[in-house]
Every structure is written in structure tokens, then in C-alpha cells.
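The values are calculated or read from the model by the stated rules, or taken from the named source; none is laboratory data. For clarity, every value in this text was computed on a predicted model and none was experimentally measured. Virtual Cβ from ideal backbone geometry, glycine too; neighbours counted across all protein chains shown. Protein only, heavy atoms only, side chains kept; ligands, DNA and RNA dropped before computing areas. Shrake-Rupley method; radii C 1.70, N 1.55, O 1.52, S 1.80 Å.
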Amino acid sequence: MAWSLADYRMDGMIGLHIGLFSTGLFAACMFCHGELNRLRPDARYLTQFYLMVALGGALGALLVGIVAPLIFPGVFELAVGTCLLAALWMYLLKEKGVLFLGAGVLVLLFTAGAALFKMTLFTDSTLLVTRNFYGVLRIHEFNKGDVDLYKRMLTDGITVHGEQLPNGRYWRTPTTYYSPDSGIGRTLLALGLPGARVGIVGLGAGTLAAYGKPGEVYRFYEINPEVIDIANREFTYLRRSEATIETVLGDARLNLEREPSQRFVVLAVDAFSSDAIPMHLITREAIAVYRKHLLPGGVLAFHITNKSLDLAPVLQSLADAHGMKTAYIAEKRTPDNQYPSKWVLLTQNQAFLDLATIRGAASPIPAKPGLRLWTDDYNNILQVLK
């Protein structure tokens, strides 16, 4: 378990992590509860014994839920927990003889070494770290000695939320999943007009503001206040965009439900790249909310690049339920600083879908037998695991 936390090459191996940590949690619980049972006192002290067990559970919750976010810049609680477990095991092995004690010492040293290695990797090339209820945001720096190639990257856990070459001539180049050849890039270049309003659910580094032109309005919806602060302070996409930039703090769907129609020509929903996706943003009812804010002929663009989930069939069923058509644009190769991305475009604008830049890049969405329509009352994430 300690090694899997430290080795970044194992970050995307969801199946391995589920199996490893489920087995590890079972073994750790059996070990700890077995020791509690072995050390239980005489019956007359059981009230105090159970009180101490309950107090330990409460203290554990307090340490993980409140203290750890205040003292750790990253999510190091699990690494620390494995070290404490190894230390307890070593302590109990001292009664078994030198051989067992030596094995315990080796396990503890390896576990602690892996934890320290993880912390070292975490701080390497890190300009800024901030942690709150929504997760751990980090800004990484690359190529510090080169003005044109100096790069900053924003991540939340292992998910990239944007990067920029802010100082040189490439500051306005859309990077990562938002290149001109991506689904959203092609859409914005095709539909961007003076006076157009564009909505984006999910701010990240603010990369899409690079497409903004004079007279346009780019309105970003972001739930994490730290993201808004970092995008404005540490990246220049927002403050140097030619468009008027608006940011709305809070849950995007709730804000869109309260607002009058924003008359967006494009509404991009970019909240599905991590392993914990917000289900309420990809349901039949959510699509109805989004459509209220679209101009006739407008486009809903969903970013669905994800290592573990295939959301394209879900969006196809949602489009069918709303009488909309789709264009699935999946990049395979990209230049430097740009990542292959997957976007699904929903619209009733056939002329837009017939554009050479859209039709030439689109591919059919493979059918998913047995997939039910996702609603606010029903979804099944197991059906869309890759």
C-alpha cells in the first residue's frame, strides 16, 4: 500500500488500487480489532473499555476531517496511517524474537521511506499548494530558465486543470484539452461572433478565455473559491483576455437554475475529467436547465476526457431524450502542451454540424446496450467504466 501511494506510475490503475486497498483495509482492521480483543480488560472495566474505543473513533474522525487539512498541504493522512500501522506491528513483534522484530523494522523503514518519497515528489517543482474542502490544488513549474517555454500547470490531485506558458509569446495559446483542434476549440472558432456570450462550467486555469474576442462575454461557473483566486492571480488567461470575463461562485447547476436566460451561443460543461464526477451535471433535468440558457442554434459542449469512464453513450441518450443531435470529437494526436481530448457536442443546429471543421472531425458514438437514461433519480456509473 505504501509503495502504490508513492509510485506515480500507479496513479491511474483504479482496479489495482481497489483490490490492494480493500485487501489492505481488511487485514488492517482484522489486526487492530484482534489486538483490541486480546487486550480487553476484565468485565468490570468493559464500560470504560468501550468508552475508550468510541473516543478513539471520534478522535480519528477529528484528526482526518479537521486537523489533517490544517497541517498537511496534501492528502498525506493515508501515508501517515500506514506508517503508524507498521509501527504498531513492529512494536507487537518485539515479543516474538529478533527475527520477527527485524522483519517489523524493515517493514516500518520501507513504509516510512515510501511516505517520505511521496512527500518529496509532492513538493518537487511546486510553486504553490492550497487545500480546502474541495481538494488539494497545486501549481507546478517547468522550464524556469526559458522565458518562452516557462510553464505553469494547475492540478487537483492527479487531474490537470489547465496549464499556461504565461511569460513569452505563447501566453495566449490554448493548451491541454482546449486546443483549436479540440471539440470546444472548433466550436468556439466556428460560433464566436461580436457580442456572443459563452458559458463555461468549471474554471480551472481559465484557458478557454484565450478564445475571447472584443465584444464577447465569457461567463465561468466555479464551485471552488480557491480556483477563482488562483486563476486570477497565478495565470493570465482571464486578466489578459480580450473578452469581458465574468465569474460566478457556487454550484453551476444551482446558479443556472436561479438565473434568467443567459442566451449563450456555447455552454461548455467541463467537470468530468476526475474519477469523482458530479452526477447532477449530466442528467436529463440538467440538460433542460442548460437549454434554457442557450440561444436557438446554440451548442452544449461536454468535456468527457477521462481515464476510467466513458460518458459518450450517456450523452447520446440524453441528446435523444431532448431531440438533439450529437458530434463526438476525439483527438488522437496533439502538438506539445496539448493533450488528446474527447468532447461531445449537443445541438439542434444542423448547419453547425455540417461545417467541414465539425463534420470532418466527428465520429459515431458506440452504442451501449442496456444503458438507461440518466436522471436526477437514476444513474449507474458501473455501466460506463472502461
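Of everything in the range 82-112, what is surrounded by fewer than 16 Cβ atoms within 10 Å (Cβ to Cβ) and of a type in the set (Val, Ile, Thr)? Give them in sequence order. Result: VAL98, VAL105.
Check GLY145, GLY195 and return the single one that is open to solvent by 10 Å² or more (accessible area, probe 1.4 Å), at positive phi and either at pLDDT 90 or above or outside any helix (DSSP H, G or I) (or both). So that I can check it myself, show each step before the final result.
Numbers: GLY145 fails: at positive phi.
Answer to the check: GLY195.
Just one of the listed residues (LEU165, LEU189) is closer than 28 Å to SER261 by Cα and among the aliphatic types (A, V, I, L, M), and it is LEU189.
Considering only the range 355-386, state which residues are among the aliphatic types (A, V, I, L, M), outside any loop (DSSP other than H, G, I, E, B) and either touching a Ser or Thr at 6+ places or on another chain (Cβ under 8 Å) or in contact (Cβ under 8 Å) with a residue 40 or more places away in the chain (or both). It would help to see each step written out before you state the result.
Step one: list which residues in the range 355-386 are among the aliphatic types (A, V, I, L, M), which gives 355-356, 358, 361-362, 365, 367, 371, 373, 381-382, 384-385.
When the remaining residues are screened for being outside any loop (DSSP other than H, G, I, E, B), the result is 356, 358, 362, 381-382, 384-385.
Correct list: ILE358, ILE381, VAL384, LEU385.
Scanning the range 149-186 for residues that are under 17 Å from ARG240 (Cα atoms) and part of a loop (DSSP other than H, G, I, E, B) yields LEU165, PRO166, ASN167, GLY168, ARG169, TYR170, TRP171, ARG172, THR173, PRO174, THR175.
Which residue out of PHE272, PHE220 is in contact with a His (Cβ under 7 Å, 6 or more places away or on another chain) and open to solvent by less than 20 Å² (accessible area, probe 1.4 Å)?
The unique qualifying residue is PHE272.
The condition (being assigned to a helix (DSSP H, G or I), open to solvent by less than 50 Å² (accessible area, probe 1.4 Å) and farther than 30 Å from LEU385 by Cα) is satisfied by just one residue among ALA79, ALA61, ALA54, ALA68: ALA68. With respect to the conditions (1) part of a helix (DSSP H, G or I); (2) open to solvent by less than 70 Å² (accessible area, probe 1.4 Å); (3) within 28 Å of LEU137 (Cβ to Cβ); (4) modelled with pLDDT under 90, THR120 lacks only one, and its number is (2).
Counting only residues that are open to solvent by less than 30 Å² (accessible area, probe 1.4 Å) and closer than 19 Å to PHE220 by Cα, give me the strands (runs of 3 or more DSSP E) lying completely in the range 292-347 with at least 1 of them. So that I can check it myself, show each step before the final result.
Numbers: elements: 294-303, 325-330, 342-347.
Qualifying strands (runs of 3 or more DSSP E): 294-303, 342-347.
Contact map, the range 102-115: residues that are free of Cβ contacts under 8 Å to residues at least 60 places away in the same chain paired with residues that are surrounded by fewer than 17 Cβ atoms within 10 Å (Cβ to Cβ), Cβ distance under 6 Å, separation 6+ or inter-chain. Pairs shown: LEU108/ALA87.
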